[in-house]
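**Student:** Please see the structure below; I have some questions.
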Amino acid sequence: MRIRITETDALIVVDMQKDFMPGGALPVPGADTIVPVVNKYVERFAQTGNPVYLTRDWHPDNHISFSSNGGVWPKHCRQHTEGAAFAKGLAIPSDNRFIVSKGVSEDFDAYSGFQGTILESLLRERGVKRVFVCGVATDYCVKHTVLGAENLGFRTVLLEDALRGVDVKPGDSARAVDAMLERGSVLCTFEDLV
Ligand code: VGL
Ligand code: ZN
């Protein structure tokens, strides 16, 4: 497949944060190995002035998703902690980039970068029509961000060489990819971009 990046395209980098890297509070297997690939996409989009959106999980200390509060996850990505910082080596463009924090209220969780954020309005005011999505975790925040984008009428492209999932149950990530394709998303790798 070949995909030409046009001026109405944007890149969304999902939750590439220290706590999701091996050694972090909620490690996603192999998440560190995609950093160089994510960086290639970031550089490609930045080069042509296409906007780059970086989502981050940004939880208060007693967030509802933490097991200490009856949730299903260990404490992770607590606001202003080292674990919530972007992954080591992640390229962050100096302009045309927007950081979108989610899961910021105690009593509300958000797997989608669109839930409780201004991501949709940021994309609309830029005239973005299609989003290219990479990051972690395929079976949680990537999946919900892609489905959210499709629901809002954006076309989506899943960057298959720059994704990693948690796979709490084996096959979760593969099923998540299926669910995204089912909703209209398409897969591509770096070599497909022209
Ligand atoms: C995520 C679990 C909890 C994710 C965030 O970024 O996919 N997963 N919080
Ligand atoms: Zn979270």
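**Student:** Looking at this structure, is Thr55 farther than 15 Å from Val131 by Cβ and touching a residue at least 60 places away in the same chain (Cβ under 8 Å)?
**Tutor:** So Thr55 does not fit the description; no.
**Student:** From the residues in region 42-58 that are touching a helix residue (DSSP H, G or I) at 6+ places or on another chain (Cβ under 8 Å) and within 16 Å of ligand 1 (Cβ to nearest atom), which one is most open to solvent (accessible area, probe 1.4 Å)?
**Tutor:** Only one residue fits best here, namely Arg56.
**Student:** I've got another one for you. Output the residues belonging to region 38-82 that are under 17 Å from Gly113 (Cβ atoms), of a type in the set (A, V, I, L, M) and either assigned to a strand (DSSP E or B) or touching an Asp or Glu at 6+ places or on another chain (Cβ under 6 Å) (or both).
**Tutor:** The answer is Val52, Leu54.
**Student:** Okay, next question. Restrict the check to region 121-137 and report whether at least one residue is within 16 Å of ligand 2 (Cβ to nearest atom) and in contact with an Asp or Glu (Cβ under 7 Å, 6 or more places away or on another chain).
**Tutor:** Yes, because at least one residue in region 121-137 is within 16 Å of ligand 2 (Cβ to nearest atom) and in contact with an Asp or Glu (Cβ under 7 Å, 6 or more places away or on another chain).
**Student:** I would also like to ask the following. Just checking, which of Leu152, Leu163 is more than 16 Å from ligand 2 (Cβ to nearest atom) and within 11 Å of the chain's Cα centre (by Cα)?
**Tutor:** Just a single option satisfies the conditions, and that option is Leu163.
**Student:** Considering every residue within region 113-130, establish whether at least one is surrounded by fewer than 14 Cβ atoms within 10 Å (Cβ to Cβ) and small (Gly, Ala, Ser).
**Tutor:** yes
Yes/no matrix, rows are residues, columns are (1) closer than 22 Å to Ala31 by Cβ; (2) open to solvent by 70 Å² or more (accessible area, probe 1.4 Å):
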position: Ala91; (1), (2): yes, no
position: Ser94; (1), (2): no, yes
position: Ser101; (1), (2): yes, no
position: Gly153; (1), (2): no, no
position: Asp161; (1), (2): yes, no
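**Student:** Moving on. Look through Val146, Val166, Val177, Val142 and report the one residue that is open to solvent by 10 Å² or more (accessible area, probe 1.4 Å), of a type in the set (Val, Ile, Thr) and assigned to a helix (DSSP H, G or I).
**Tutor:** Val177
**Student:** Which residues, taken from region 96-107, are in contact with a Gly (Cβ under 9 Å, 6 or more places away or on another chain), part of a loop (DSSP other than H, G, I, E, B) and more than 12 Å from ligand 1 (Cβ to nearest atom)?
**Tutor:** Residues satisfying the conditions are Asn96, Val104, Ser105.
The values are calculated or read from the model by the stated rules, or taken from the named source; none is laboratory data. These numbers come from a predicted model, not from an experiment. Ideal geometry is used to build each Cβ from the backbone, glycine not excepted, and the neighbour counts take in all protein chains shown. Each accessible area value is taken on the protein alone, full model and side chains, heavy atoms only, with ligands, DNA and RNA left out. Shrake-Rupley method; radii C 1.70, N 1.55, O 1.52, S 1.80 Å.
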